Amino acid sequence: MLILLFSIVLGSVALDQITKLIVVSSMKLHEEVPFLPGFIRFYRTENTGAAFSLFADHRWVFMVFSGIAMAAIAVILVKWYRRHPLLTASLAMILGGGIGNMIDRVANGYVVDFIDFQFMNFAVFNVADIFVTCGSVLLAVYILLFEAKAEPKQKANASEESDDGTDAEHDGTDGTGNADGQ
């Protein structure tokens, strides 16, 4: 399972960086290329802030908080990778997208954005943003549909393990007070 999670993280970073490399090497800043006319165009721009150019004047503060959030997600992934596949996949997508955009911020001082919806007024975005958004939606689905069911089970398991005030798995006994294997 950990290999799958690392594959999601590394795959999302790679896909993001490859698409940005293609855009930067083939398009000038503010150049537009039709993709699906009237629906999507590629429009190269540089975002110095967060999503939707928020915090553009506070780049380092945003980078510190983003770095802390990504480190926390990585710790949660390692700690809870067996908890539920939807939880861990969603966090891996968020982490991969965050890393992809952080690479740009550190290397360039800005994030390359290039996907632009023409049919609605929306921010220009990139592949990393897609991973963060899809991961966030999947995380919300997990919380709404699965976490509420998982929490009572976890509490019940915890109370069963410690009915006598100890946890047989961790206290070196077999649950009857006897040493394991006796």
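Every number in this text was worked out from the coordinates using simple rules, so none of it is lab data. On a predicted model such as this, the values are computed, not experimentally measured, just so you know. Positions of Cβ are backbone-derived with ideal geometry, glycine not excepted, and every protein chain shown enters the neighbour counts.
Observations, loosely collected:
- With a Förster radius of 30 Å applied to the C-beta separation of Phe39 and Asn108, the computed FRET efficiency comes to 0.55.
- Rounded FRET efficiency, nearest 0.05, which uses the C-beta distance separating Lys28 from Met120 and R0 of 30 Å: 0.75
- Label-point gap, in nm, between Leu144 and Met1 - each point 7 angstrom along Cα→Cβ: 2.4
- Calculated SAXS-style log₁₀ I(q)/I(0) at q = 0.25, 0.28, 0.30 Å⁻¹ - the range 87-148, Debye, Cα scatterers: -0.96, -1.05, -1.11
- Extension gain for Ser136 to Trp80 (0.36 nm times residue separation, less C-alpha to C-alpha distance): 18.5 nm.
- Cβ crowding within 10 Å averaged over residues, with 33-46, 131-144, 94-107 ranked highest first: 94-107, 131-144, 33-46
- Charging the Cβ of each Asp and Glu at -1 and of each Lys and Arg at +1, and nothing else, the dipole of the range 2-159 about its Cα centre rounds to 660 debye.
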